[in-house]
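I have placed the structure first, in the form of structure tokens, so that the comments after it can refer back to it.
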Amino acid sequence: LLAAETLATPPPHWLRPALPTLLETLGMSATDTEVSRLADLPVLVDDNEELARPSDLVRIPRDLRWFYRGIRRTLREALDLAPSAGQGLLWERLAIVQLGFDNLIDDLENDESVRRGIATPEGVGRLLAYVRTVPDPQRLQASEIARWPLFPDVQGQPGPIVVQGLEGTSEECMWLTPPGPLGDYLRDLQNSGLRLLDANLQTEHRSLLLEL
């Protein structure tokens, strides 16, 4: 077994191809002391194919990875989503943080960089499509997203679709237009004074938006 202390410097170029096997062996055979030393050594690979310390990485399920692109430093997808038995054990022993839907909801409320990265028609579309798949208890939690400035209007400017109960907010809520000719008429009105939600989002996700 390669002792953990020999990895105190970045692995040489020739060792990179052997890292998966090395990590498998460490997960199965390393002592707790050796594993604890690994946490601050650059022995893992991130999604940019750069060496990283386990303590600097997070793990993210496949369906949520898009929302954190370029924002969180993530373990290389193949190592994260399809680890060998020893690698998976090593991730657990290293206590690599694993993000889930609860974390995404918290980050949408509290982390402007995450919110900004999603507040586009594509991003909100992806988010609503994912919310459709979560169980009812999580769906209730997800209803909070309606209060945050995520939803692009017809000009692409983000805002909330619900403002009730938000004390001190200056945000103007987004309006959903009715389907059919009346909706088309309202969208064509100039200077109506209403902020109208992006038309494609309304068409594709109307039932969920009304639920929120």
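Restricting attention to the stretch 1-58, the residues being acidic (Asp, Glu), open to solvent by 50 Å² or more (accessible area, probe 1.4 Å) and modelled with pLDDT under 90 number 4.
Looking across the stretch 32-62, the residues that are of a type outside the set (A, V, I, L, M, F, W, C) and part of a helix (DSSP H, G or I) come down to Asp32, Thr33, Glu34, Ser36, Arg37, Pro54, Ser55, Asp56, Arg62. Taking the listed residues Gly88, Gly123, the one that is in contact with a Gly (Cβ under 8 Å, 6 or more places away or on another chain) and over 24 Å from Arg206 (Cβ atoms) is Gly88, with no other qualifying. For the stretch 193-208, give me each residue that is in contact with a helix residue (DSSP H, G or I) (Cβ under 7 Å, 6 or more places away or on another chain), closer than 15 Å to Pro160 by Cβ and open to solvent by 10 Å² or more (accessible area, probe 1.4 Å). Across the stretch 193-208, the qualifying residues are Leu196, Asp198.
Under the condition of being at pLDDT below 75 and not in a loop (DSSP other than H, G, I, E, B), the residues counted in the stretch 186-205 number 3.
For the stretch 104-126, check the following and say yes or no: at least one residue is loosely packed, with under 15 Cβ neighbours inside 10 Å, outside any helix (DSSP H, G or I) and either at pLDDT 95 or above or among the acidic types (Asp, Glu) (or both). Checked against the condition, which is being loosely packed, with under 15 Cβ neighbours inside 10 Å, outside any helix (DSSP H, G or I) and either at pLDDT 95 or above or among the acidic types (Asp, Glu) (or both), the stretch 104-126 yields no hits at all. Picking from residues in the stretch 63-90 that are closer than 22 Å to Val124 by Cα and assigned to a helix (DSSP H, G or I), the one that is farthest from the chain's Cα centre (by Cα) is Asp63.
The values are calculated or read from the model by the stated rules, or taken from the named source; none is laboratory data. Because the structure is a prediction, the values reported are computed rather than measured. Here the Cβ is made from the backbone with ideal geometry for all residues, glycine too, and neighbour counts use every protein chain on show. Just so you know, the surface numbers come from the protein's heavy atoms only, side chains and all, with ligands and any DNA or RNA stripped out. Shrake-Rupley method; radii C 1.70, N 1.55, O 1.52, S 1.80 Å.
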